[in-house]
1. Hey, with R₀ at 22 Å, roughly what FRET efficiency would Asp21 and Ser72 work out to, going by the Cβ-Cβ distance, to 0.05?
2. Roughly speaking, what is the stretch gain from Arg80 to Glu35, that is 0.36 nm per residue apart minus the C-alpha to C-alpha distance, in nm to one decimal?
3. Straight-line reach from Lys87: which lysines fall under 25 Å, measuring Cα to Cα and dropping same-chain residues less than 8 apart?
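Since every read-out is calculated from the coordinates, none of them should be taken as a lab result. Predicted model, so just to flag it, every value in this text is computed and none were measured. We place every Cβ from the backbone using ideal geometry, glycine too, and count neighbours over all the protein chains shown.
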Amino acid sequence: MVGSSLGMDIAELKRLVELYDLETYLFETVSKEFEQKRTLTTFESFAIITWKSNRSKTKVRDGLVAAGKSASDVMRDVSRAEKTEAKVETLLRIGGDRSAYRICYLGRLLPG
């Protein structure tokens, strides 16, 4: 434990420090993990959405629920699409704030 006054262990404290600078976390950690795994966790997906457009997260969540998909499901579908156009089409199938979802994904995960 870090100390009884904080009530958290070192690993949790390091995770929170990493998340404090969300942009660095997304550009350095999430992008690299996506390159390797070709998918995102729900947390990582919503971290991107919150970073880009905080007001859109509820709309995107509702769109995912309506589609019966998790953020991880969508990212797997996107990573399986071969062309950028097909990736965008996959994102457009999700209701809610589709433009925010598409822009966040493309801006964060397809640099090059």
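1. Numbers: r = 24 Å, r/R0 = 1.09.
My answer for the efficiency is 0.35.
2. Values: separation 45, 0.36 × 45 = 16.20 nm, distance 1.25 nm.
Gain in length upon complete extension: 14.9 nm.
3. Lys32, Lys37, Lys52, Lys57, Lys59, Lys69
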